[in-house]
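K.L.:
Can you read through this structure? Questions will come right after.
Coordinate-derived values only; no laboratory data. These figures come from a predicted structure and were not determined experimentally. Cβ placement follows ideal geometry from the backbone for every residue including glycine, while neighbour counts extend to all protein chains displayed.
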Amino acid sequence: MSPNDSLASSRILFIGGGNMARSLIGGMIARGVAANRIAVVEPVAAARESLTHQFGVTVAETANSVAADASVAVLAVKPQVMRSVCASLRSLLPSKALLVSVAAGIRSDQIDAWMGGGRAVVRVMPNTPALLGAGAAGLFANDKVSQQQRTEAEALMESTGLVRWIGEEGLMDAVTALSGSGPAYVFLLAEAMQAAAESQGLPADTARALAAQTVLGAARMLTESGEDAAELRRRVTSPNGTTQAAIESFEADGFRGMVDRAIDAATARGRSLSAEFGDAGGDA
């Protein structure tokens, strides 16, 4: 079943038209979801114009004119404004609309409370390669989400890449640290590889092209071979060769511990966001 089939009767409303929303919208349209089924609320005029030009979707400055018929509302806003956004939508969105939040750290019970209670909420942590159909998303559904709504949420995200359901909401912070923030880690590695190659004398354009293609090729081997990363690494590490010299240098500098600490820091930051931007109790 195509995403368009699963979402055939859905009216999809995006609150926020930033990079993540664009990634999701672009991925859905590329996979066959009709642009006329998508509306975006975006306060910045230049961004609205860009969304219309790029995707042909309906755009609006506020939700007043586009929220009433939404069956799925994607809350693509920053964690720090989620509470006020929910307050503005509380009386506008249909009570049966599925709420899909891409805000890191904000729990489903917080969103439900800020929307008045009894709301179906799916938390999603996608990443920016969704724009290329190569995204990776973890999803968690609260107990108000029906099977049909789970299917809608899954179809929404499958149009942009890999989807995995997460059974415990507390693990969504680890998903955020791994795949949500993960592309930046890869970009940092590529950036460092390019800089190191330039310091060895390679021209910048050549170093960049070789680093980028190396990352792409390695990722394809990892996803298409079905082999574990450790096994693939062993296969390309010849005894006493150049790769072994580099790997030993990484290990001596504590590469694994550095990655572990980075993932832990990102996970902890995700957990702190829900407390920082308001608890589930009280009115928004």
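K.L.:
What does the convex hull of the Cα atoms come to per residue for region 3-172, in Å³?
P.N.:
Considering the Cα atoms of region 3-172, their hull volume per residue is 96 Å³.
K.L.:
How about region 90-178: which chymotrypsin sites (Phe, Trp or Tyr not before Pro) there are in a DSSP loop, with at most 13 other Cβ atoms within 10 Å of their Cβ? Kindly include the intermediate steps, with their values, before the conclusion.
P.N.:
Values: sites: Trp114, Phe140, Trp165; in loops: none.
Here no chymotrypsin sites (Phe, Trp or Tyr not before Pro) fit, given the DSSP loop and packing criteria.
K.L.:
With runs of 4+ DSSP H residues as the only contributors, calculate the mean residue ellipticity of the chain at 222 nm using -39,500 (n - 2.57) per run, divided by the residue total and rounded to the nearest 500. Let's see the in-between values first.
P.N.:
Numbers: 12 runs with 138 residues, N = 284.
Helix-only estimate at 222 nm: -15000 deg cm²/dmol.
K.L.:
For region 208-282, report the convex hull volume of the alpha-carbon atoms normalised per residue, in Å³, without decimals. The partial results should precede the final answer.
P.N.:
Values: hull volume 12.4 nm³, N = 75.
Dividing the Cα hull volume of region 208-282 by its residue count gives 165 Å³.
K.L.:
If a helix is a whole DSSP H run, which ones in the chain reach 24 Å or further along their own axis (Cα) and hold a mean Kyte-Doolittle hydropathy of at least -1.0? Please report the intermediate quantities before stating the final value.
P.N.:
On the way: long enough: 182-199 (26 Å, 0.71); 204-225 (31 Å, 0.33); 255-276 (31 Å, -0.25).
Helices meeting the span and hydropathy rule in the chain are 182-199, 204-225, 255-276.
K.L.:
Can you put Asp109, Asp228 in order of Cβ neighbours within 10 angstrom, beginning with the fewest?
P.N.:
Values: Asp109 16, Asp228 10.
The order, fewest Cβ neighbours first, is Asp228, Asp109.
K.L.:
Can you give the three extents of the C-alpha atoms in region 116-234 along their principal axes, from longest to shortest, in whole Å?
P.N.:
Extents along the principal axes: 62, 32, 24 Å.
K.L.:
Given Cβ point charges of +1 (Lys, Arg) and -1 (Asp, Glu) and nothing else, what value in debye, to the nearest 20, does the dipole of the chain about its Cα centre take? List each step's numbers first, then the result.
P.N.:
Values: 24 positive and 29 negative charges, 109 e Å.
Around 520 debye, computed over the chain.
K.L.:
Separate question: Roughly what would the spin-label model give for Arg90 and Ala212, points 7 Å off Cα along C-beta, in nm?
P.N.:
If labels sit at Arg90 and Ala212, their model points lie 4.8 nm apart.
K.L.:
Please tell me the relative contact order of region 80-221 in percent, rounded to the nearest whole number, where contacts are Cα pairs under 8 Å and at least six residues apart.
P.N.:
Numbers: 174 pairs, mean separation 25.7, N = 142.
Contact order relative to length: 18 percent.
K.L.:
Now for a separate question. Quick check: convex hull of the Cα atoms in region 65-160, volume per residue, rounded to a whole Å³? Mind dumping the intermediate values first?
P.N.:
Working: hull volume 9.2 nm³, N = 96.
Measuring per residue, one finds 96 Å³ for the Cα hull of region 65-160.
K.L.:
Taking the Cβ-Cβ separation of Ala30 and Leu232 as r and a Förster radius of 35 Å, what is the calculated FRET efficiency to the nearest 0.05?
P.N.:
Rounded to the nearest 0.05, the efficiency is 0.75.
K.L.:
In addition: Among (1) 38, 21, 18; (2) 34, 21, 20; (3) 33, 20, 17, only one was calculated for this model; which label is it, if the read-out is semi-axes √(5λ) of the Cα gyration tensor in Å?
P.N.:
(1)
K.L.:
Follow-up question, since we're still on this one. Pull up all non-local amide H partners of Thr58: gap of 5 or more, or a different chain, and H-to-H distance under 5 Å with H placed in the peptide plane.
P.N.:
Ile38, Val40
K.L.:
Which percent, nearest 5, of DSSP beta bridges in region 3-172 are antiparallel?
P.N.:
Details: 4 of 28 bridges.
Taking every DSSP beta bridge within region 3-172, about 15 percent pair in antiparallel fashion.
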